[in-house]
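The values are calculated or read from the model by the stated rules, or taken from the named source; none is laboratory data. None of these values were measured; they are calculated from a predicted model. Please note: Cβ atoms are built from the backbone with ideal geometry, for glycine as well, and neighbour counts cover all protein chains shown. The protein model used for the area step is the full one, side chains on, heavy atoms only, and it has no ligands, DNA or RNA in it. Shrake-Rupley method; radii C 1.70, N 1.55, O 1.52, S 1.80 Å.
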Amino acid sequence: MVERVQALCLAKLPAVRSQEVLSAMHFLSLLTYFAAVFAKGEVDQASSPPLRCSSSAFSAPKVGRGLTILSVQAQAQHNYTSIPGGPLQPSLHGLNFCQVQVYLSHRTPNDGFDGKITNDRVLVEIWLPLSKDDWNGRFQVTGGAGFATGMFGAHLGVAVKHGWAAVSTDGGHDADLEKLSDASWVLPAPEGRHPRPDSYLRREVAWDLLHNFAGRSSVDQILVGKSIIRQYYGTHPHHSYWNGCSTGGRQGYYMAQKYPELLDGILANAPAINFVNLLMAELWPQQAMKMADTFLSNCELEYFRMQAIKHCELDENVNIGYLLDPLSCHWHPSSLIGNTFLCDGHDVTVTREMAQVVQDIQTGPGGSSSENMFPGLSEGVPMTTLADIEIDQNGMRMVKPFRIAASWLQKVVLQDRPIYGALSDKRYFDSLWISAQSEFGGLLNTNDPDLSRLRDSGAKLLTWHGIHDQMIPFRNTINYRRTVEATMGGAHGVDDYYRVFLAPGVEHCGGGVGPIPIDPLESLVRWVEENEPPDTLDAETVDQEGDFVTRELCLWPGMPKYMGIGDVKRASSWSCVGSTERPVLAEQEIEKDFDYGTMQQPQRSTSDPDADTTEGSPGRPGQILGGLKDRLQGLGMGLRVE
């Protein structure tokens, strides 16, 4: 490099001497200048240097919204091991990233003037690939699970491993995933509660934390995360995405309904929308058993489930161990009354009461499938999560409510009172349901069907939901999608920005016996960035026999159908049927304009370009078949088509 600097300096010398001001000092300055220029050029041509990952490298994000930034801390993590999350979120090892923790509060200078004080301390945590070369230029915003507002490492580890900058938040309460079924944080601290007469149930709620959980913290983490990313990499992410399931799915729908302009794409799976109704309905199987005084063991519930699958598989003409479309299954548990089967080493005979309990679980609360307050568990869906029971050493059977729903009822609805009386009295339980819906539904349900903001923003919403979801019935998502279609003008337009896929045999957020979507986030990225809307999602699993199974999940309302030939475990042996008929697209119009008979563009009437005035015109099918006829006969192979 020295020779290059000297050559450039000598080239400049004549001009400098002509001014007769050259001195040793000037020459040294010139030499230093050109050395710096060349040094910079060589650095620019190399890989980007490591970025500073320290607390002093970041300033408090200025995002508005009345936020008070309490602190910003950063440190580099090397060979880090993330915590595990759901079925699709394993613990990962050897992660290297910049960990930035921002603590904030919603306290404002006006706190206390109206007697109310915001007292939250919210953690927003961002994981950043250490160098700009390792970053894919995108931002992934992650959701929570159960009563956890965020999942932190369980989500962030997968994201940063694949080059994403990603963010999570605790919403101001305990983020320990071991406590995601505990709603006790919704209650104010003991010193903040007020005595109340037993005759009047006045609910006391930590409303600030509940607002954070509902959606406020979801927005905050996006704004804070984008600020930190810009400070670290010197540029904004070129695209931002949401990724969440269950509670994270509900939060994604919150963003789609209220703040879609903050994101480019939203992956929101098995969404816990209609949140209040969902939690109350998850207690229905326990209530149905208690009112009938008939408690079915897990073995007995599985017998009913497998009999439903066995019956309905006959209509689907394929034997894979789970149902492709439970909604088309017409089976009644009463058909098994009197049957005897072996369960836990004992003979069990199906009684009318047992059959009615199973029917009630499938129908859902409310009395009939058309009048129910919330969908039940469809035929073939596992019932042992919501209808689990306890059996003591004497064989006594008792209710064992699903922990998330039980904590909601006890801590929030009943304000830390026992729940078992409510499960025994349907009228009392229904009154609690109505009051909870009235008080919390507007904040938590996240079921607004008006997606005009999403449509107008250009962002895309993609959802997949396992048909075997044992916690959140897949019909909850389908019912919402239908309401959106009715509100937003039909399926054609809605598919432009909101698409739903069902995964037969797949349980809540993954697991189960059916093929699981491989990379739906990548499908969303292609939809957003390459304008390739997905009509199918690639899915795979390994079955109980150890065989690799592939499938393409169908865009709802399409359903998979075995074509009758080929390996049933291969996607190539399946097709999608019953999909929405779509209007002709621009590129299809070009194809339509082409005359397959003459291989030329047809001449159109100037008065009506789309009119076909030929009497007895065969239409589009005739054009195609006629064109094929002419082309086959023109091959000179003696072929004749009548």
Relative contact order (percent) for the stretch 84-183, with alpha-carbon contacts under 8 angstrom and 6 or more residues of separation?
30
Once the other residues with Cβ under 11 Å from the Cβ of ASP293 are scored (Lys, Arg +1; Asp, Glu -1), what is the net sum?
+1
Taking only Cα atoms of the stretch 174-304, what ratio of Rg to Rh do you get with Rh as the Kirkwood inverse-distance radius?
1.10
Taking amide hydrogens as modeled 1.01 Å from N in the peptide plane, which residues meet the under 5 Å criterion relative to PHE501, leaving out close sequence neighbours?
THR463, TRP464, HIS465, TRP556
In this model, which of LYS290/LYS426; LYS258/LYS460; LYS179/LYS258; LYS179/LYS426 are farther than 18 Å apart at the alpha-carbon?
LYS179/LYS258; LYS179/LYS426
Taking 10 °C and 1.306 mPa s as the conditions, I'd like the Stokes-Einstein D for the stretch 341-485 in µm²/s, using the Kirkwood hydrodynamic radius from alpha carbon pairs.
87
Coil-residue chymotrypsin sites (Phe, Trp or Tyr not before Pro) of the stretch 482-567, DSSP, other Cβ within 10 Å capped at 13
none
Please compute one quarter of the surface area of the Cα convex hull for the stretch 408-489 and express it in square nanometres.
7.4
For the stretch 482-590, how big is Rg over Rh, using alpha carbon atoms and the Kirkwood form of Rh?
1.00
In whole Hz, with x marking every Gly and Pro, tabulate ³J(HN,Hα) for the stretch 83-94 from phi via Karplus 6.51 cos²θ - 1.76 cosθ + 1.60, θ = phi - 60°.
7, x, x, x, x, 9, 10, x, 5, 10, 10, x
Kindly provide the GluC sites (Glu not before Pro) of the stretch 343-424 that DSSP labels as loop, not H, G, I, E or B, and whose Cβ sees at most 16 other Cβ atoms within 10 Å.
GLU371
Mean shadow area (nm²) of the C-alpha convex hull around the stretch 410-561 is 12.5
Mean accessible surface per residue for the stretch 410-498, computed with a 1.4 Å probe while every protein chain stays in place, in Å²
39
